[in-house]
Amino acid sequence: MKTVISSWLLFRLLFQPTAVFEELSDTRPEPHSVFFKFVVWLAVIPPVFAYIGASNFGWRLGAAEPLFMPPGELILVSIAYFFALLFAFVSTAVVAQWMATTYGARHSLGIHFALVTIIAAPLVVGSTIHLFPHVFLNIVVFIPALMWSMYLLYRGLPIVLKISPERGMLMASALIGYLLVAAVSFLGLTVALWGQGIGPSIGV
Amino acid sequence: MLDAVEAIEGEHYFDRVVTALVMFSVIWAVLGMAVGVYVAAELIWPTLDFGQPWLSFGRLRPLHTNVVIFGFGVSALMGTAFYSVQRTSHVPLFAPRLAWFCFCAWQIAVLLGGLSLLAGWTSSKEYAELEWPFDIAITIVWVCFAIVFFGTIAKRRIKPIYVSNWFYGGLIIVIAMLHIVNSLAIPVTISKSYSLFAGAPDAIVQWWYGHNAVGFLLTGGFLGMMYYFLPKQADRPIWSYRLSIVAFWAFTYSYIWAGPHHLHYSSIPDWVQSLAVVMSLILLAPSWATMINGIMTVSSASQKLRTDPALKFIVLSLAFYGLATFEGPMMAIKSVNVVSHYTDWTIGHVHSGALGWNALITFGTFYFLVPRLVGTALYSVRLANIHFWMALAGTMLYVLAMWGAGVSQGLLWLSLDEIGELSFSFKDIMASMPPYYALRFVAGLVFLLGAVLMTYNLYMTIRGRRTIHVRPPAVMSHQI
């Protein structure tokens with residue numbers, strides 16, 4: 001069984017997702033190799049795009065002037081974004097591994113790292129839109145990216161983790177439940193930080 | 001013992017009233033959701049009211065909420081409660097004529113109540129807009145509902161009261177209490193009354209009602225549905241029966257305190273707000289205990305998904321139940337609420353529960369129930385599968401649109417300029433919202449079209465068929 005994942009795999013994912021899933025199902029990657037070869041780099045892309053976009057164009061919320069943050073604070077927010085993405089990635093992989101026992105799926109952490117990398121890839125592609133940080137535009141672009149991502153989750157999970165499509169459907173839905181909760185926690189935490197004076201200044 | 005067996009042989013469950021309630025629930029779902037889509041369109045194109053008061057947002061919005069909650073939701077709950085209480089008690093309904101009265105009177109109350117809202121009758125209390133004549137009618141129907149339900153439990157042939165009945169029973173008792181107290185008013189004319197409470201106490205009573213209507217109707221009632229229909233569909237006993245009972249009592253105890261979180265940063269006492277925050281956070285435990293119980297019950301029944309499209313809806317509804325019951329306590333925290341309050345984030349939260357949890361679990365239950373009521377297979381599994389993806393897409397789009405709109409609003413109307421004044425006027429902020437509202441309109445339309453597809457599917461399943469007679473099983477002597 002192979003332990004290394006080729007970098008081409010991510011690009012082939014665009015055109016031949018099923019072939020990629022099948023190849024992965026015969027692979028036993030090491031978590032640290034997936035993490036340092038793919039995850040760290042993928043997690044750098046959205047904050048870099050967001051930094052470039054926000055410093056050049058400012059965040060546009062639709063009403064009046066774009067919102068510019070001081071450069072120092074923008075760097076801090078972008079770094080926080082990077083770590084939040086890493087946390088989101090690792091926590092999702094660990095939760096998926098935890099769920100694997102219930103659904104009789106493969107249990108190695110490396111394969112869950114690889115699976116979450118694949119699911120996250122469309123979102124990283126979608127993050128290109130951070131270069132022009134208009135909130136509504138970002139949402140509109142992220143919707144097809146999310147649909148693509150969910151398609152990969154439902155289609156890929158049973159193949160990669162070697163379980164029946166029905167069990168895969170149940171596990172993918174449970175994972176969606178976790179991801180929804182994680183997304184809304186992220187939103188809540190961000191808003192609570194605004195109230196503490198971190199991020200855009202609001203009159204609280 | 002012989003007498004008892006003979007009596008069983010001559011009787012059957014009263015399911016015709018269940019079929020009728022399910023059919024009307026589906027009709028109200030389509031009507032209520034269509035009104036929702038229309039008001040969503042009005043927020044983008046305000047002239048859609050054509051200058052008619054009865055078509056204005058102010059009248060159509062309560063029509064949407066009332067038809068969906070009381071028409072679709074309560075009809076579904078009443079129907080499934082009548083269906084499951086017979087089967088978990090092994091006896092036919094107590095007072096079936098009274099059950100028919102509940103059905104007829106409830107549908108008339110929803111129809112006339114809806115028309116009264118269009119005519120401009122309103123108590124102006126959210127989710128309790130109907131005026132005093134309807135409040136009295138609702139009380140009478142509800143008491144009859146209680147008599148049929150608890151009467152059936154009283155004459156049950158097996159000793160334990162199954163957990164779904166605890167939740168349905170909680171729904172009936174608590175909603176009666178909330179409705180009666182919150183509707184106390186002094187009538188002035190046939191179409192107008194004034195609340196018995198004044199000022200801040202009125203607001204506290206209103207949100208004690210409002211939040212617990214969400215709690216015991218939209219959560220507790222539908223949990224009753226889940227606890228009966230999920231194990232049935234999965235063909236497995238509930239994962240942990242003990243956990244379900246513990247969760248029921250924890251849920252009942254903690255929910256009732258959480259209402260004042262709707263009134264953060266208002267003129268109600270600060271300690272009442274803080275208490276609501278604490279109890280809202282505690283509420284997460286029983287809510288998630290139930291979610292875990294549901295997910296674990298279904299986890300070993302994956303082969304059922306091959307043949308039964310209904311189970312998918314219930315599985316996904318549990319994911320959205322998890323989201324909504326986490327998001328609620330989070331939004332009750334004052335430092336989050338300061339941004340989220342009075343924004344569309346709240347509307348998104350409500351719909352992640354209403355579409356993702358209530359509607360999906362009800363759709364799943366109907367796809368399971370209707371073919372069994374008329375003794376046939378579902379007309380089209382393919383249409384049900386298409387409906388599933390439309391419902392998921394509609395809900396996700398809706399939630400995303402409202403998260404974007406809500407967080408933008410929260411940020412914009414708290415923004416201050418250099419001299420400490422508000423940077424943006426309310427009008428400026430609302431003028432930037434149409435793109436989000438257009439997205440929400442599309443989301444609602446997709447969800448509604450899915451419901452129309454279900455209506456056609458269920459109609460073709462029922463068409464030309466009668467509700468079949470099902471007999472209670474023979475009862476063992478030790479169970480009597």
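The values are calculated or read from the model by the stated rules, or taken from the named source; none is laboratory data. It should be emphasised that the depicted structure is a prediction, and the values quoted were computed from it without experimental measurement. Here the Cβ positions follow ideal geometry from the backbone for every residue, glycine too, while neighbour counts run over all protein chains shown.
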Item checked: Scan of the stretch B:110-121 for residues that are touching a residue at least 24 places away in the same chain (Cβ under 8 Å) and out of contact with any Leu (no Cβ under 8 Å at 6 or more places or on another chain), ordered by number -> B:V110, B:A119, B:G120
Next item on the list: Consider A:A93 carefully, then state whether it is loosely packed, with under 15 Cβ neighbours inside 10 Å and not β-branched (V, I, T).
Entry: no
Item checked: Single residue of the stretch B:326-380 satisfying the filter (more than 15 Å from B:G394 (Cβ to Cβ) and among the small types (G, A, S)) that is nearest to the other protein chains (Cβ to nearest Cβ) -> B:S335
Notebook entry, point to check: If B:A384 satisfies every condition in (1) surrounded by fewer than 19 Cβ atoms within 10 Å (Cβ to Cβ); (2) more than 10 Å from every other protein chain (Cβ to nearest Cβ) but one, which is the exception?
Noted result: (1)
Notebook entry, point to check: Restricting attention to the stretch A:97-115, and to residues there that are among the small types (G, A, S) and away from chain B (no Cβ under 14 Å), which single residue is surrounded by the most Cβ atoms within 10 Å (Cβ to Cβ)?
Noted result: A:A114
Margin query: Going through A:S173, A:S78, A:S149 one at a time, which residue ends up being over 28 Å from A:K2 (Cβ atoms), within 14 Å of chain B (Cβ to nearest Cβ) and buried (at least 18 other Cβ atoms within 10 Å of the Cβ)?
Written below: A:S173
Check: Within the set of pairs 6+ apart or on separate chains, which have a first residue in the stretch B:412-431 that is more than 7 Å from chain A (Cβ to nearest Cβ) and under 13 Å from A:E65 (Cα atoms), a second that is modelled with pLDDT under 85 and surrounded by 16 or more Cβ atoms within 10 Å (Cβ to Cβ), and C-beta atoms under 7 Å apart?
Finding: none
Check: Yes or no: B:G450 without any contact (Cβ under 8 Å) to a residue 40 or more places away in the chain and of a type outside the set (K, R)?
Finding: no
Next item on the list: Check B:V298, B:V278 and return the single one that is surrounded by fewer than 17 Cβ atoms within 10 Å (Cβ to Cβ) and within 25 Å of B:L171 (Cα to Cα).
Entry: B:V278
Item checked: Test: B:K304 is out of contact with any His (no Cβ under 8 Å at 6 or more places or on another chain), of a type in the set (K, R), surrounded by fewer than 22 Cβ atoms within 10 Å (Cβ to Cβ) and within 14 Å of another protein chain (Cβ to nearest Cβ) -> yes
Margin query: So the check is Cβ under 9 Å with 6+ separation or different chains; which pairs have a first residue in the stretch A:21-44 that's more than 18 Å from A:L152 (Cβ to Cβ) and a second one that's basic (K, R) and surrounded by 15 or more Cβ atoms within 10 Å (Cβ to Cβ)?
Written below: A:R28/A:R106
